[in-house]
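Inspection log for the structure reproduced underneath, given as structure tokens.
The values are calculated or read from the model by the stated rules, or taken from the named source; none is laboratory data. These numbers were taken from a predicted model, which means no experiment stands behind them. All Cβ positions, even for glycine, are placed from backbone atoms using ideal geometry, and neighbour counts span all protein chains on display.
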């Protein structure tokens, strides 16, 4: 029997993920993605009681857009870049040559030889003291690393700069939403009133601060993030031919220029898109309806849940069930029985198809629909890297798409801000519609779905209200779409399919190749709660009143 390689836990992600790869020599033949945290949101909300102004929509767009940019930049530098950047190699770099490299890529002011010499000295102190800290436990020196020392030093410097940058840009959330993380929206709009004459509302000073944040975001994206992505990618062009996986992509649509009732105004369009033979000119797009029972369904044939109608049944979230049924091995164990159940994640499907969600799905839809900026950016990247369009369908393409999306959103934020300021100047300061604020006006019987495009992909929450309480609540999140296991038809999820596409491991004991592809999706499985110990005994029971 061929060897089963296990990577658990996958680090530099949110949440807990286990990957098992069935090997044939050093090649991955089959891959299995196991979410090892059980999520209890659906159960926690059970039995609980349950068109906004133009300004509110613009403020929501700005807050969501800021989250995209912050999330994508943090992912690239602090979660994904270390798969490509050999930190210790930076000690061999020539600071003067590093400065010349950085200046050839952009106009970032922190690019002097002295600056890089100081960064190198700081890194040297960490290494010599045996205190790599945030850079510890990696595969430094692995032959899969291809960047020259100067590129590694530049990337390490920008890694550290991004830590400080994020401290400043989250201020947009605190201005509009009161805090970060988890800034506040409210039913009917946003929680931030506009009054230019008040010290406690959105006034001219705070609007100027928002403009400053947008400027800082766009500057870092244009002068650091985009050039760094291109610089790193130029040494890893071979990763443009592996990690494709499914070839099916889905986007709910989001970021309207008008409101959520007008999908034609969405920056990110709604749709399912597929291609023939990785040919971007063969795009076939179909609309996605979140309410139709035959479109989105969740399967649990390989998940630790049970359905009343049987494990091979697919359920639309309106009638979804969340009943735990752990049938896996008792910890500690060497490997999972992947012919049975092996994950706490369900397997969502669109019309029976496995799909990928996230930045690559959105960029492909924008490109196929003729979005001018997207077509220009994709064309520039393909030309700069000298790779064919089919390279978009890969680990490298997925990483590049996240960068391009960040550029698109950062530029769109300026337009939303300008519209907001124009509305205020015209006398429109409304940010809240109180029509449905009073719970007594809410229907006793109802159902609905709230959806958005989160940074990692399509996110939707379905809710059924009966007698004024939540009778059923189901959430299908981006990492459920991407990290979910096989379904009754044995179709793999997006992670699994991507790992099965042309992955040769140089050293199975240091499987950096697995990390590169998994991190290209930016996994986030943290919306989960631990409810049992290693022996399977219940630790916590929630009683909802």
Practice problem: All but one of (1) touching a helix residue (DSSP H, G or I) at 6+ places or on another chain (Cβ under 6 Å); (2) closer than 23 Å to residue 250 by Cα; (3) assigned to a helix (DSSP H, G or I) hold for residue 348, so report the exception by its number. | Solution: (3)
Practice problem: Please enumerate the residues belonging to segment 306-342 that are part of a strand (DSSP E or B) and either modelled with pLDDT of 95 or more or touching a helix residue (DSSP H, G or I) at 6+ places or on another chain (Cβ under 8 Å) (or both). | Solution: 315
Self-check item: Matching entry among 430, 398 (being closer than 27 Å to residue 497 by Cα and either modelled with pLDDT of 95 or more or in a loop (DSSP other than H, G, I, E, B) (or both))
Solution: 398
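How many of the residues making up segment 494-520 are touching a helix residue (DSSP H, G or I) at 6+ places or on another chain (Cβ under 8 Å) and assigned to a loop (DSSP other than H, G, I, E, B)? Don't jump to the end; show me each part of the working.
Quick first cut of segment 494-520, residues touching a helix residue (DSSP H, G or I) at 6+ places or on another chain (Cβ under 8 Å) only: 494-495, 498-499, 502-506, 512, 514-520.
Now narrow it down to the ones that are assigned to a loop (DSSP other than H, G, I, E, B): 502-503, 505-506, 520.
Number of matching residues: 5.
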Quiz item: Within segment 115-124, is there a residue that is surrounded by fewer than 17 Cβ atoms within 10 Å (Cβ to Cβ), in contact with a helix residue (DSSP H, G or I) (Cβ under 8 Å, 6 or more places away or on another chain) and on the phi > 0 side of the Ramachandran plot?
Solution: no
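Listed here are the residues, each with its yes/no results for (1) in contact with a helix residue (DSSP H, G or I) (Cβ under 9 Å, 6 or more places away or on another chain); (2) surrounded by 15 or more Cβ atoms within 10 Å (Cβ to Cβ); (3) under 30 Å from residue 288 (Cβ atoms).
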| site | (1), (2), (3) |
| --- | --- |
| 198 | no, no, no |
| 219 | no, yes, no |
| 238 | yes, no, no |
| 273 | yes, yes, yes |
Exercise. With the checklist (1) within 31 Å of the chain's Cα centre (by Cα); (2) part of a helix (DSSP H, G or I); (3) closer than 21 Å to residue 230 by Cα in hand, flag the one item residue 123 doesn't pass.
Key: (3)
Quiz item: So residue 243 fits all but one of (1) assigned to a loop (DSSP other than H, G, I, E, B); (2) in contact with a helix residue (DSSP H, G or I) (Cβ under 7 Å, 6 or more places away or on another chain); (3) within 24 Å of residue 414 (Cα to Cα); what number is the exception?
Solution: (3)
Quiz item: Looking at (1) under 29 Å from the mean Cα position of the chain (by Cα); (2) surrounded by 13 or more Cβ atoms within 10 Å (Cβ to Cβ); (3) part of a helix (DSSP H, G or I), can you tell me which one residue 164 breaks?
Solution: (2)
Quiz item: If we scan segment 522-543, do we find a residue that is farther than 29 Å from residue 358 by Cα, touching a strand residue (DSSP E or B) at 6+ places or on another chain (Cβ under 7 Å) and either modelled with pLDDT of 95 or more or exposed (fewer than 13 other Cβ atoms within 10 Å of the Cβ) (or both)?
Solution: yes
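Considering only segment 1-95, give the strands (runs of 3 or more DSSP E) lying wholly within it that have at least 2 residues that are at pLDDT 90 or above and more than 30 Å from residue 334 (Cα to Cα).
Numbers: elements: 4-7, 17-24, 27-35.
It comes to none.
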